[in-house]
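Trainee: Shown below is the structure under consideration.
A short reminder: the numbers here are calculations on the coordinates, not readings from a lab. In this text, all values refer to a predicted model and were calculated from it rather than measured experimentally. Ideal geometry is used to build each Cβ from the backbone, glycine not excepted, and the neighbour counts take in all protein chains shown.
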Amino acid sequence: MLISVFLVTLITGCGTVPRIPAAADPAVVRDRSAQDASALRSAIAFHALSTVGTPYTPGGGSLESGFDCSGLVAYVFRRASRLELPRTTFELSRVGHQVDPADLQPGDLVFYDTQRRAYSHVGIYLGEQRFIHAPSSGGTVRIEDMGFDYWLHRFNGARRVAP
């Protein structure tokens, strides 16, 4: 009995039971949601950056085996957010919602036509007009500038999967 009284006192802060508000302030809920979304976007960018230098491997989806572009995206989102995303660029182009290029945020998916077909390549936006991707055979995961002519002319759009 004495132990249970001690535990209750310890848990409740010296015998006072914390009050739980009847209704949360909507502004506080919105602010918390924005903080959570920002933290998730940061986690996605952090996990993506941790893969730089990993070799490109067709069909690859891990640090050990290497990555292809969609394998990189699936791996990063699984690690950072526990989201299981589709495994092909075309399927990825259908998840989340479309984002205007002017509204890109870290963690958004960016799509390119690199094989004369829409949505044949995908990367993860990092901010400041940069994205990370697994480019092609013989390459490694790297960061690119979206402003380079090659990427500007092949851009297909962007999607937001994370909040």
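Trainee: Cβ neighbours within 10 Å, averaged per peptide: list 88-98, 65-75 in order, most packed at the top.
Mentor: Order by mean packing, descending: 65-75, 88-98.
Trainee: Now for a different question. Going by average Cβ density within 10 Å per residue, which order do the peptides 37-49, 141-153 take, highest to lowest? Walk me through the intermediate numbers first.
Mentor: Values: 37-49: 17.8, 141-153: 13.9.
Those peptides, ordered most packed to least, come out 37-49, 141-153.
Trainee: FRET efficiency for E91 and D149, Cβ-Cβ distance as r, R0 = 25 Å, nearest 0.05?
Mentor: Working: r = 28 Å, r/R0 = 1.14.
So, using R0 = 25 Å, E works out to roughly 0.30.
Trainee: Work out the P(r) tail for the range 111-163: percent of alpha carbon pairs separated by more than 13 Å, whole number.
Mentor: On the way: 828 of 1378 pairs.
Value for the range 111-163: 60 percent of Cα pairs lie more than 13 Å apart.
Trainee: Taking the Cβ of I124 as the center, what net charge do the other residues with Cβ under 14 Å away carry, scoring Lys and Arg +1 and Asp and Glu -1?
Mentor: Numbers: positive: R41, R78, R79, R130, R142, R159, R160; negative: D68, D108, E128, E144.
Around I124, the charge tally is +3.
Trainee: So what are the three principal axis dimensions of the range 65-163 from its Cα atoms, in whole Å, longest to shortest?
Mentor: So the three principal-axis extents are 34, 33, 24 Å.
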